[in-house]
Every structure is written in C-alpha cells, then in structure tokens.
Amino acid sequence: MALALTLAAALAVGVSLGLLGGGGSILTVPILVYVAGVETKQAIAMSLFVVGATALAGVLPHARAGRVRWRTGLVFGGAGMAGAYAGGRLAAHIPSTVLLAAFAVMMAVTALAMLRSRPAPTGGPVERPMPRILAEGLAVGVVTGLVGAGGGFLVVPALVLLGGLSMPVAVGTSLMVIAMKSFAGLAGYLHSVDLDWPLTLAVTGAAVLGALAGAWPAGRIDPVRLRQAFGWFVLVMAAIVLTQQAPAAARHALFATPGGWAALAAVTVSFTVAVAFQKRKTKRREPSAGGEQGHATRPEPVRR
C-alpha cells in the first residue's frame, strides 16, 4: 500500500516539474520520508536522483517548443553544480531536522516573492551580467545540495524576477538547470549516504511519466496565472513541512484548540487580504507600463 501511494505521488512530482519547472523535491522529500518511511538524509539523496532524471526527461518537450534559454541555463547551471556538490558534502554535518526546517522557511520566502511581485517583462529576454548569473547559480546550488531541492522553487523565481524571462521560458530553462545541479548534489551525498536503488528507480519511472504529461500544457497557460499557481503551491508545501517539524505540543495547540483555530483563521485572512491588495496595486500600475491606458501587458507568445 505504501509503495502504491509513493508511486502515485511520484506522478504528481513529475507533473509539477513538467508544468511548473519546480516543486519536484518539495514533494519528493516529504513523500519519501512520510509515505515511504525513508530516513531523511537518504530521502534527500534519493530525491536528487529522481528529480534530476525527471527534469532531464521533461526538458525535451520544452526545448522543442522553444522555451529554453540555453546560454542562461548553462551558465546558471554550471555555477549551481559547484554549489550543489559543496552543499551535499556540507549536509552530512547538519542535523536532519535543521535541514527540513530550513527547507520549509526558504520555500515560504520564495512563495511570497512569486505571489507579491509583478510579472516578468514580456518584451523579450533580459541579458543579465555574467557575474550576477554565476553568483545566483552558486547560491541556489548550495541550497540544492544542502536540502535536496532540485532548485526549481528557487531557480524559476530567479529567472522570472531577476533574469527577466517569462514564466513559460523560465520553466523550460529551469529544468535543464535542475538536472545539472541535482546530479552534482547527488555526487556530494554519495560520499555519506547509500541509496535504495529499486525504490529510487521505481519512483523515477513514475515521475518521468508525469513530467512528460505536465510539459504539454505548460505553454498554453497564461504566464501570470502559472506564476501565481506556483507561488501558492510552494507556500502550501512549506506550511506542511514546517508543521511536521514542529514539536507535538505546538501542533496540538495550533490544530486541536479553539485558540489555535482562531490564530490560523486570522493568519489566513490577513495573508489573503494582503495578496489581494498587492494584486490591485499591480493592476493599477500595469496600464502605464503597457503603453495604452486600460490595457494590461499581453503575455509573451510561445515560439514554436
């Protein structure tokens, strides 16, 4: 039963990677830990193989559709590989609970950036200075190696918010970066962790099928909606992981008492209002940025 649930969830991992360019390890690590019962550091190492292989398969349909920026991806990914290998070696000396908690916090920060920031420019790709691309790739790579994240939940926002790519192009480019960094991070982990290869290969096969299915509609969805969906998805997963790492007494106080329910409701309402307010501010600014009054900027057409 646990194996069936794990494989079904792996399909969702693949769909997430193919459609959003990220979320693979955000899902894979909790699935392997909480569903398959794998030890945390082993699950992180296994997730790097699963996500790397799945991203490599998922990049093909995006490349055929012209949604990959090869130069940006290779430079970013090359720097990320060095950081990922170093992070994988460093992770052997950090407690598992600290890794998962740090993972969840970074997920939440990234999700808020995607939800609150304006869409990326749609007039064409923005060439960033080479040193900046290298620095961003190195920093994201270290996180990849430390917490087993393929990096999509950081790479996609970096390419959208800092790299000037539209969301569909950022998704395709990120898959190449994720594959490069995941295998580098795995190399760092293999010095201290052994993988359960039968389970790893089974999960990988299911995830690859999901990635091929998820890549098909990626270019047909409005980039702004895709970016917002990505942000909400990562935020929900961050909350789940943080909850799992919290002490049992804190979880009971939050989910099993009237005071905890009231606090959750207040936080949910406040955050929803804040996001809605930010969207209204963004819509007011869009006419002047788009040129003609009353017309928002159109999404970048997908080149085929």
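Being under 20 Å from L209 (Cβ atoms) and assigned to a helix (DSSP H, G or I) is the filter here; which residues of region 31-50 pass it? Correct list: I31, L32, V35, M46, S47, L48, F49, V50. Within the option set R89, R69, R64, being under 28 Å from A202 (Cβ atoms), modelled with pLDDT of 85 or more and surrounded by fewer than 24 Cβ atoms within 10 Å (Cβ to Cβ) holds for one residue only, R64.
Of all residue pairs spaced 6 or more apart or on separate chains, those with beta-carbon atoms under 6 Å, a first member in region 197-208 that is within 16 Å of L27 (Cα to Cα) and a second member that is open to solvent by less than 40 Å² (accessible area, probe 1.4 Å) and of a type in the set (S, T, N, Q) are A207/T54; V208/T54. Do we have any residue at all in region 23-44 that's in contact (Cβ under 8 Å) with a residue 12 or more places away in the chain, touching a Ser or Thr at 6+ places or on another chain (Cβ under 6 Å) and more than 20 Å from Q244 (Cβ to Cβ)? No, every residue in region 23-44 fails to be in contact (Cβ under 8 Å) with a residue 12 or more places away in the chain, touching a Ser or Thr at 6+ places or on another chain (Cβ under 6 Å) and more than 20 Å from Q244 (Cβ to Cβ). When restricted to residues that are closer than 17 Å to P198 by Cα, surrounded by fewer than 23 Cβ atoms within 10 Å (Cβ to Cβ) and out of contact with any Ser or Thr (no Cβ under 7 Å at 6 or more places or on another chain), region 45-61 contains 0.
The values are calculated or read from the model by the stated rules, or taken from the named source; none is laboratory data. Note that the coordinates shown come from a computational prediction; the quantities given were computed from them, not determined experimentally. Virtual Cβ from ideal backbone geometry, glycine too; neighbours counted across all protein chains shown. Ligands, DNA and RNA are stripped out before the accessible areas are found, and what is left, the full protein with its side chains, is counted by its heavy atoms. Shrake-Rupley method; radii C 1.70, N 1.55, O 1.52, S 1.80 Å.
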